[in-house]
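Here the structure comes first, spelled out in structure tokens, and everything after it is commentary.
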Amino acid sequence: MTTAIDEDRLSGTFAALANSTRRAILARLAAGGATVNELAEPFEMTLPSISKHIKVLERAGLVVRGQRAQYRPCALDAARLEEVSTWAERYRPVWEARFDRMDEYLTQLRSQTKEGRRR
């Protein structure tokens, strides 16, 4: 059964993932929740700049913020990443067919090379 994907939401997810800083933030959050200060540590950016990246990730549904006293820790929400995976999985037969054709071509080239050496 094919799951329907909200194309606008998927576009927002891909737009958020298009930035390397945001991907790095998600990679960090994959290891567990973190504060904005913790997320900002590896970057040479101001806290307001990191906060803007986090807000983009929040709007895309990739990050959620909790409420713990005065802290608002961030956490990864993997549901949208699952949608990306589902979308990409639709193209698996195309990749596999191309890899199979490439494998056949390389086998053919090896065979021709071996025949050329024997002569």
Cβ-Cβ cut-off under 9 Å around P73, Lys and Arg +1, Asp and Glu -1: the net charge is +2
The list [x] 21, 18, 13; [y] 28, 13, 12; [z] 43, 20, 11 gives values of semi-axes √(5λ) of the Cα gyration tensor in Å, and only one came from this structure; which label was calculated from it? [z]
From Cα pairs below 8 angstrom and at least 6 apart in sequence, can you work out the relative contact order of the stretch 7-90, rounded to a whole percent? 33
Crossing angle, helix 7-17 versus the chain [Cα axis fit, 0-90 degrees, rounded to tens]: 80
A chain fully extended from T113 to D6 at 0.36 nm per residue, minus the present Cα-Cα distance, gains in nm 33.5 nm
For 62-68, 46-52, ranked highest to lowest by mean beta-carbon neighbours within 10 Å, the order is 62-68, 46-52
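Would you mind counting up the charge near I5? Only other residues with Cβ under 15 Å from its Cβ, with Lys and Arg at +1 and Asp and Glu at -1.
Charge balance in the 15 Å sphere: -3.
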Among residues other than K52 whose Cβ falls under 13 Å from its Cβ, what is the net charge (Lys/Arg +1, Asp/Glu -1)? +2
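Bear in mind that the values in this text are calculations on the coordinates, not laboratory data. Not measured: the values here are computed from a predicted model. Heads up, the Cβs are rebuilt from the backbone with ideal geometry, glycines too, and the neighbour counts pull from every protein chain shown.
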